[in-house]
1. Calculate log10 I(q)/I(0) of the stretch 402-498 for q = 0.11, 0.12, 0.19, 0.20 Å⁻¹, where I(q) comes from the Debye formula with a single equal point scatterer on each Cα and nothing for solvent.
2. Considering only C-alpha atoms, what is the centroid distance from the stretch 283-345 to the stretch 148-198, in Å?
3. Can you tell me the length gained on complete extension of the stretch E245 to E284, counting 0.36 nm per residue apart and subtracting the Cα distance?
4. Trypsin sites (Lys or Arg not before Pro), restricted to the stretch 230-336: which are DSSP loop and have at most 12 other Cβ atoms within 10 Å?
5. Does the stretch 273-518 come out rounded, prolate or oblate, given a ≥ b ≥ c as the square roots of the eigenvalues of its C-alpha gyration tensor, rounded meaning a/c under 1.5 and, failing that, prolate meaning a/b above b/c?
6. Mind checking the per residue accessible area of the stretch 397-514 for me, 1.4 Å probe, whole number of Å²?
7. Cα-Cα over 32 Å: which of K507/K532; K176/K466; K140/K178; K140/K240?
8. Shape call for the stretch 238-282 from the C-alpha gyration tensor, a ≥ b ≥ c root eigenvalues: rounded (a/c under 1.5), prolate (a/b greater than b/c) or oblate?
Amino acid sequence: MRMPRRGLVIQARTRWLLVGLALLFSLVLLMYLLECAPQSDGNGSLPGVVGESMGKEYYQALLQEQEEHYQNRATSLKRQIAQLKQELQEMSDKLKSLQEKKTPKVNGMNYQGTKEQASNDLLEFLHSQIDKAEVSVGAKLPSEYGVIPFESFTSMKVFQLEMGLTRHPEEKPVRKDKRDELVEVIEAGLEVINNPDEEDGQDEDDGVGERQLYSENDFIEGYYRTERDKGTQYELFYKKMDGMEYRHVTLFRPFGPLMKVKSETVDISRSIINVIVPLAGRTEAFAQFMQNFRDVCIHQDKRVHLTVVYFGQDGLSEVKSILESVARETNFHNYTIVSLNEEFNRGRGLDMGARAWEKGEVLMFFCDVDVYFTAEFLNSCRLNAEPGKKVFYPVVFSLYNPAIVYANQEMPPPVEQQLVHKKDSGFWRDFGFGMTCQYRTDFLTVGGFDLEVKGWGVEDVHLYRKYLHGDLIVIRTPVPGLFHLWHEKHCADELTPEQYRMCIQSKAMNEASHSHLGMLVFREEIETHLRKQAYRTNSEAVG
């Protein structure tokens, strides 16, 4: 690209040389005419003494001075012309050398110029960014605080963990760059699916007719997270309305253009989920849980097994009666009840529920009786857990105390109407690790729960850390179809100091939003203000 600029410089200098030579020729001609002019008599001299003394000698001195000036100028131009000729020769030699090296052989391979080599180097660097990122292999992390969670999105909304005081747990992307980013990613995923490479191994439908094409309307959900020193990872899922197969595309933006990592077909039509619920007492909550289970798992999904691990004898007969009633009304018999006559221990209950399954490999969902989930969540559970590869740790949206959230109403609305993602209705429970989807073999391989832990909370974190210290990928993201219903918490005196602190923290976080708690704290001040306002209004009316 430098050759054209040097050519222009040479042309400009040549032009100035010609102009200089023309001027020099004109001056020489002028001097010749003056020298050859006929002699004039005294009357032609300048008047007075000055004219007589500065006649011919004055003009000769002036012409001599001008001649010396243009001789120096001509010498300078000749020197510049010589330099230009030398530079032109050097550039010609360099061009010839580049042409000779246009297709060098490196390790027996021909490369077409330095531009292609630079492009290859860039691609090699971008692929190295993918290899460094936690895309295909999990990274060993020191604690639960080291994991980079995903954020989930649909074509219309983003579900985010970090809200601060201005953002919302569920919102439409307001910033143009975020909207454009997600639109570009969804379209890039469609391009990968509709125009597959040979390495994707995708055949046309049954080998007959045209391949099935996907559109923006087939996009179901996606997850993304950014490793600040590597790039952004996107997990995208597409599905036809009348099909059971999902198309899963992984993309990675290594702070540059999107790069396809893989494209695969995910068939979840035969994927059974074993929902394991540890329980002690709380039969009313269990009856509510079974109503949700009936609607979602029995009537909609139809690929779920329920395992209830019950501690103690008090309430056991009522729990059995609820299960038998549901079985009679829906002809559902895919459930197991495990009875343990001992003190409640959540880790122990989930461990017993996992080991009670005797039909080989199965996907497990560790659940609580206060959790409400949708059919879409069950599919997310299937899509984000893979034996020997990935475990799914969704972030639950925890609902606040409805008596505070709906204090201005006579009574709280039905549970189904409380399931909204708003600041004053709940929060993403990003400090909780109890709800998880993982395969039975992975759970047993890492050693399951620490059964020495008694009581509330810590056993979930211990299991989570085991996966973080291993090679499996941990998918951590908020999901819109998983809710924790509010219930009164009691922090027992028997808990260890750490467990008690976590219990109190959870209790405080669960009660109400920042603004609603503020209204409660300053209730007296607000009531005093309202009384003063009412008194002032009445006084003005009387006056």
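1. The Cα Debye sum returns log10 ratios of -0.50, -0.58, -1.07, -1.11.
2. Each part reduced to its Cα centre gives a spacing of 37 Å.
3. Numbers: separation 39, 0.36 × 39 = 14.04 nm, distance 3.75 nm.
Taking E245 through E284 to full extension adds about 10.3 nm, to one decimal.
4. Numbers: sites: K230, K239, K240, R247, K260, K262, R270, R282, R294, K302, R303, K320, R328; in loops: K230, K240, R270, R282, K302, R303.
Answer by residue number: R270, K302.
5. Details: a/c = 1.32, a/b = 1.16, b/c = 1.14.
Cα axes put the stretch 273-518 in the rounded bin.
6. Numbers: 5570 Å² over 118 residues.
That works out to 47 Å² per residue.
7. On the way: K507/K532 35 Å; K176/K466 40 Å; K140/K178 30 Å; K140/K240 37 Å.
As for pairs spanning more than 32 Å Cα to Cα, those are K507/K532; K176/K466; K140/K240.
8. On the way: a/c = 3.89, a/b = 1.83, b/c = 2.13.
Cα axes put the stretch 238-282 in the oblate bin.
The values are calculated or read from the model by the stated rules, or taken from the named source; none is laboratory data. All values reported here derive from a predicted model rather than from experimental measurement. No Cβ is skipped: glycine too gets one built from the backbone with ideal geometry, and neighbour counts run over all protein chains shown. Please note that ligands, DNA and RNA were not included when accessible areas were found on the heavy atoms of the full protein model with its side chains. Shrake-Rupley method; radii C 1.70, N 1.55, O 1.52, S 1.80 Å.
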